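J.: My questions all concern the structure below.
The values are calculated or read from the model by the stated rules, or taken from the named source; none is laboratory data. Computed from a predicted structure; not experimentally measured. No Cβ is skipped: glycine too gets one built from the backbone with ideal geometry, and neighbour counts run over all protein chains shown.
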Amino acid sequence: MAANDKVFITFYDDESDAFKYSWLRRSTVEPFLDRAPIDALPSPAPGAPITNEDARLLGGMAFMSLVGGRQSLRDRLEIV
Amino acid sequence: MPRELIVVHGTTYASYSEHEVHGNATDSGPALFEGASLYDWVNDFELVRDAETWLRSKFSDFSCIGRLSILEYLRNKVMQGEVRVVRAEPMSADNGFVQPPRLAAPRSWETKPFDPPYTYYSSLPVASFDFDGWQSQLESWTNDFSDAVATALPSLRGSNLTRTQLNVAAAIVGVFNQGSRLTDAVDLGDVTAIGEASTPLSGAAPFEYFSSAPSDGVLSMAMRSGRDAQCFADNEQDMEMCNVAKAMYGGDPRTYALCSSRAAENYRTCLGY
């Protein structure tokens, strides 16, 4: 891993009703990543161009994960 | 000339050679020999002696030596139809039907050589089971447990527990709340799910204590089930994430398979398997 590798994290903040994001140095979260189950995204394929569709899939998964069991957010989901 | 040959279960049978006239009595020989073990009959010296005497008088080629071979010779003759065996007593009661004896125990078995002074059962100490005591003990345990859960519920409601977890907890209280005596110990006024509660928290004490309850067994059970519930909730969330991935990357079934199998693995690990 490169010294300045970043990890992108995003979460939902109840109080401000906003989705928030941040970058952390990978070395900071490495101990947690070591214990976390990690899978490779099915797309894009290695070496393949990164397309709008790839962005849609990753973004959709992120939003749906953050929505989780919150009914108010579920009602707002319009991802297809 | 019929002759008493076999006495089984107190019933006397007479044997006839093939051409002897013996009335219309049913031939019970095959049934008799099918249901009997010759190894049992061998120990009946009187039976073997009578059989040997009779066979010697009827069959010129009879030259068997040894009790078992004598009985086998007789059995062969019976099966071949050369010897018929019928009940010697009048058969008014069973109308001629012969019940084949299934077990031919030698008469030497019918009397015990001695009467034991005691049996194993009688030598055991008499200890009547205190059912009422056990019942009340059990009831106090369940009271304590349901009390603890009911006390815990209000503070749980303030936490981030999911609706499912609260419902599980409420169900546990409900199970232990069947009896009238249990009802006194539990206030079920506030076991509705988050957001649907119409009753305030019943003023129950906050849930903070486990170590002073009277039974360690019930405590460990409660702790264990609490951890299991946590494992279950974690697994539910894992699977929900898997479904999220499936929703976006459903075209790649491997993603979901990998995710769900890992969730199952986590669940087993969490439960301690």
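J.: At least 2 residues that are more than 44 Å from the chain's Cα centre (by Cα) in each: list the helices (runs of 4 or more DSSP H) lying fully within the range B:29-91 that qualify.
T.: B:45-58, B:67-79
J.: Within 20 Å of residue B:258 (Cα to Cα), at the interface with chain B (Cβ under 9 Å from one of its Cβ atoms) and modelled with pLDDT under 85 - does that describe any residue in the range A:55-62?
T.: Looking for residues that are within 20 Å of residue B:258 (Cα to Cα), at the interface with chain B (Cβ under 9 Å from one of its Cβ atoms) and modelled with pLDDT under 85, one finds none in the range A:55-62, hence no.
J.: Let me ask something else about it. List pairs: first residue in the range A:61-80 and exposed (fewer than 14 other Cβ atoms within 10 Å of the Cβ), second residue at pLDDT below 90 and part of a loop (DSSP other than H, G, I, E, B) anywhere in the structure, Cβ distance under 7 angstrom, at least six positions apart or on different chains.
T.: Going by the 7 Å Cβ cut-off, the qualifying pairs are A:69/B:162.
J.: Continuing with the same structure: Give the residue, chosen from B:67, B:49, B:56, B:84, that is free of Cβ contacts under 8 Å to residues at least 40 places away in the same chain and either surrounded by 19 or more Cβ atoms within 10 Å (Cβ to Cβ) or in contact with a Lys or Arg (Cβ under 7 Å, 6 or more places away or on another chain) (or both). Even if it seems obvious, please write down each step before you answer.
T.: On the way: B:49 fails: either surrounded by 19 or more Cβ atoms within 10 Å (Cβ to Cβ) or in contact with a Lys or Arg (Cβ under 7 Å, 6 or more places away or on another chain) (or both); B:56 fails: either surrounded by 19 or more Cβ atoms within 10 Å (Cβ to Cβ) or in contact with a Lys or Arg (Cβ under 7 Å, 6 or more places away or on another chain) (or both); B:84 fails: free of Cβ contacts under 8 Å to residues at least 40 places away in the same chain.
The conditions single out B:67.
J.: Sticking with this one: Can you name every residue in the range A:30-54 that is within 22 Å of residue B:263 (Cα to Cα) and either of a type in the set (A, V, I, L, M, F, W, C) or assigned to a helix (DSSP H, G or I) (or both)?
T.: Answer for the range A:30-54, where residues must be within 22 Å of residue B:263 (Cα to Cα) and either of a type in the set (A, V, I, L, M, F, W, C) or assigned to a helix (DSSP H, G or I) (or both): A:30, A:31, A:32, A:33, A:34, A:35, A:36, A:38, A:40, A:41.
J.: Also: From A:77, A:33, A:66, grab the single residue that is more than 9 Å from chain B (Cβ to nearest Cβ), within 15 Å of residue B:241 (Cβ to Cβ) and at pLDDT 85 or above.
T.: After applying the criteria, what remains is A:66.
J.: Hey, among B:233, B:205, B:213, which residue is at pLDDT 80 or above and not charged (D, E, K, R)? Show your work before the answer.
T.: On the way: B:205 fails: at pLDDT 80 or above; B:213 fails: at pLDDT 80 or above.
None of the other options fit; the residue is B:233.
J.: All but one of (1) among the hydrophobic types (A, V, I, L, M, F, W, C); (2) outside any strand (DSSP E or B); (3) under 15 Å from the mean Cα position of the chain (by Cα) hold for residue A:73; state the number of the condition that does not hold.
T.: Only one criterion is unmet by residue A:73, namely (3).
J.: Let me ask something additional. Exactly one of (1) within 23 Å of residue B:246 (Cβ to Cβ); (2) in contact with a strand residue (DSSP E or B) (Cβ under 9 Å, 6 or more places away or on another chain); (3) more than 14 Å from every other protein chain (Cβ to nearest Cβ); (4) not in a strand (DSSP E or B) is unmet by residue A:9. Its number?
T.: If we test residue A:9 against (1) within 23 Å of residue B:246 (Cβ to Cβ); (2) in contact with a strand residue (DSSP E or B) (Cβ under 9 Å, 6 or more places away or on another chain); (3) more than 14 Å from every other protein chain (Cβ to nearest Cβ); (4) not in a strand (DSSP E or B), just (4) comes out false.
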